[in-house]
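Asker: My questions all concern the structure below.
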Amino acid sequence: MEIITEYGSSLLIVACVLGFFTAWGIGSNDVANAMGTSVGAKALTLTGAILVACVFEFAGAYLAGGEVTETIRKGIIDPSLLASTPHYLVYGMMSSLLAAGIWLLVASIFGWPVSTTHAIVGAIVGFSAVCIGVESVSWGKVGSIASSWVVSPVLAGVISFGIFKSVQSLILDWPDQFQRAKKFIPGYIFIVGFVICMVTLLKGLKHLGIELSTPESVGIAIAFGAILAGIGRFLLSYVKETGADARQGKLSDLERMFAILMVFTACAMAFAHGSNDVANAVGPLAAVVNIIQSGGQVMAQSALPGWVLLVGASGIVLGLITLGYRVIETVGRKITELTPSRGFAANLAAATTVVVASGASLPVSTTHTLVGAVLGVGLARGIGAIDVRVVGKIILSWIVTLPAGASLSILFFYTFKGIFG
Amino acid sequence: MSRGSFLDLLAQSPVKPMLEHALIAGNCTEELGVFIAALNENDWQGVIKSRERIVELEHEADDLKREIRGHLPKSLFLPVPRADLLDLIRLVDRLPNTVKDISGLMTGRKMQVPDGIRASFTDFVTKAVNTARQASESVERLDDLFRVAFRGEVAKTLVVLVQQLDVLEHETDEAEIAVRSELFAIENDITPIEVIFLYEVVKEIGELADRAQQVGHRLLMLIAK
């Protein structure tokens, strides 16, 4: 207790800096995954992508990021064992932020496809199991998180497979693809709006003091989806048949319409990413803030302070502006194979899966979900060539990240303990 | 500095180089028409020039074939079986090979088409070349097939193209029979060696059309369920 009262404000500042830094890392690196497809598919310009990402990452983090943040903050560790030593939880959470940050830096240098989510969860489980006690880990919750890491890519794959097959049946199979696309694309835009709005209304807005009943939420979500579909219809009316050909290096008329759809799915992707990944930075910070503000009460039932989400959301946006654009540019240049008609299916499937995971307070990996979504389109025969070796590489870094995050956080925990006592 | 992205999953699609390969194969077979025309006009310089062009295109097709194979490692997951694509490339590549053999034989032996069969021989060559062109143009639909994921209207169009290919091949067969019977009628007027090689050339030209037809049928297997 004395440590909390004595060093409280300086610990708080350090935790804020670490949380902000991690959010910056998420913004500068992970967001590229969410936005790169749209830039690569020429659905958005680089500036457009940055703008969309800033607005929707922020909105996702602030409006729908609360649930996952709660999981990271107090779902993985059972704090009852720490009632007499609340400062251990503070050290642990700070160590976890530092561990994830360092591990991601290492991964960036070597180009490993590492997930922030895995690093932070591995770090928290690591320090609590080793430094506090195996029984301090809520293994049930950890188990459901771990299974969501398997389920989310599979689910995204199934959804993207279905979406692409529906695009085939409704549009691609027909001789009048252009007219049919104009007719059906607003329907997909409706789904984007409905899903995002629905999950946010049902799960996200509690910390803002807004509580809606389910029928109210459904009504609002339908209205929101319809408005978006209307906007989409309006934008689509500007696409004229030019006979442009992919062989001339341009998007075909059909793909230009899917590019409009992809702007919407890109927004959804950014929103979903913000809603799930902000927690990686903000969850540990929220735990620290909670303990210090309550003067060392680990069991205090305080609500998640809104400003904590703001710290994370601004960190992500700053990361985007300072470094993210370069990553998006690199990623965007790499893609010529994922045209908007495929890219949107992958984006929509991944965004839906991630947003639902956010609503279910499960921290998942956006990257892995996107991998599953791309494979789903591939299985529907939608992608020219997929390099299966990359999947193995991703699974390997998945497995390595957990012990790596854990070892680093254990190391930092004992360091903090050595410094502050 | 970037962590690997899920977009690393996307490998280079074999479609574009395959289209290019088919285009080169088509151009090479078309050149056979030019070659025979020059031969008929006794334009020996034109014959040599045309022969050089055929050899050049055949080389290009060969190089491209090897490059495509190099970009299709076993670790790739493709929308159609990898073996089917590799086989299709092999079959397409036989078209310029056949043209090279025909032009090589005729140039090397300084062959002349006898006046008595010239008209039907030229007709036969034109039909064989048309058949081969139909095949290479069908392969150029691969682009659309990949784009719509191998079914629907585009797949139906391909079936029609291959049906037309069958008709063209059949017409070539009939033209071959006509040339053979005319050649048989005059074979006592020319030297036996010339006769042997004329039959050989006729056989090769007929095979060009046969091979073109095989390309079409291989292509259909990509959309077969």
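The values are calculated or read from the model by the stated rules, or taken from the named source; none is laboratory data. Here the structure is a predicted model, which is why all the values come from computation and not from measurement. Glycine also receives a Cβ, built like all others from the backbone with ideal geometry; neighbour counts cover every protein chain displayed.
Asker: Tell me whether the stretch A:363-384 contains one or more residues that are more than 9 Å from chain B (Cβ to nearest Cβ), among the hydroxyl-bearing types (Ser, Thr, Tyr) and more than 24 Å from the chain's Cα centre (by Cα).
Answerer: No - not one qualifying residue is present in the stretch A:363-384.
Asker: Between residues in the stretch A:166-189 that are closer than 11 Å to residue A:257 by Cβ and residues that are among the basic types (Lys, Arg), which pairs lie under 8 Å by C-beta distance while being six or more apart or on different chains?
Answerer: Filtered contacts from the stretch A:166-189: A:171/A:180; A:186/A:233.
Asker: Sort out which residues of the stretch A:171-203 are closer than 13 Å to residue A:229 by Cα and of a type in the set (Phe, Trp, Tyr), and write them in order of number.
Answerer: Passing the criteria: A:184, A:188, A:190, A:194.
Asker: Considering only the stretch B:94-122, state which residues are among the hydrophobic types (A, V, I, L, M, F, W, C) and in contact (Cβ under 8 Å) with a residue 40 or more places away in the chain.
Answerer: So in the stretch B:94-122, the residues among the hydrophobic types (A, V, I, L, M, F, W, C) come out as B:95, B:99, B:102, B:105-106, B:111, B:113, B:117, B:119, B:121.
Matches in the stretch B:94-122: B:95, B:99, B:102, B:105, B:106, B:111, B:113, B:117, B:121.
Asker: Can I ask one more? In the stretch B:172-199, what count of residues is obtained for those that are touching a residue at least 60 places away in the same chain (Cβ under 8 Å), of a type in the set (D, E, K, R) and buried (at least 16 other Cβ atoms within 10 Å of the Cβ)?
Answerer: Residues meeting the conditions: 1.
Asker: Which one of B:7, B:19, B:32 is of a type outside the set (Val, Ile, Thr), within 14 Å of another protein chain (Cβ to nearest Cβ) and touching a residue at least 40 places away in the same chain (Cβ under 8 Å)?
Answerer: When all the criteria are applied, what remains is B:19.
Asker: Name the residue, out of A:38, A:115, A:28, that is within 12 Å of another protein chain (Cβ to nearest Cβ), hydroxyl-bearing (Ser, Thr, Tyr) and under 21 Å from residue A:146 (Cα atoms).
Answerer: A:115
Asker: Right, something else. Inspect the stretch A:61-72 for any residue being over 18 Å from the mean Cα position of the chain (by Cα) and at pLDDT 85 or above and give the result as yes or no.
Answerer: To start, the set of residues in the stretch A:61-72 that are over 18 Å from the mean Cα position of the chain (by Cα) comprises none.
Looking through the stretch A:61-72, none of the residues is over 18 Å from the mean Cα position of the chain (by Cα) and at pLDDT 85 or above.
Asker: Starting from residues that are more than 14 Å from every other protein chain (Cβ to nearest Cβ) and over 28 Å from residue A:66 (Cα atoms), keep the ones in the stretch A:385-414 and report whichever is surrounded by the most Cβ atoms within 10 Å (Cβ to Cβ).
Answerer: Once the filter is applied, the top-ranked residue is A:411.
Asker: Regarding residue A:113, is this residue part of a loop (DSSP other than H, G, I, E, B) and crowded, with 22+ Cβ neighbours inside 10 Å?
Answerer: On the way: part of a loop (DSSP other than H, G, I, E, B): yes; crowded, with 22+ Cβ neighbours inside 10 Å: yes.
Yes; evaluated as a whole, the condition is true for this residue.
Asker: I've got another one for you. Show me the helices (runs of 4 or more DSSP H) entirely contained within the stretch B:112-225 in which 1 or more residues are more than 14 Å from chain A (Cβ to nearest Cβ). If you could, list the steps in order and put the result at the bottom.
Answerer: Working: elements: B:115-139, B:142-148, B:152-186, B:192-223.
So the answer is B:115-139, B:152-186, B:192-223.
Asker: Same structure, new question: Based on what the data block shows, is residue B:47 part of a helix (DSSP H, G or I), out of contact with any Pro (no Cβ under 8 Å at 6 or more places or on another chain) and more than 25 Å from residue B:220 (Cβ to Cβ)?
Answerer: The answer is yes for residue B:47.
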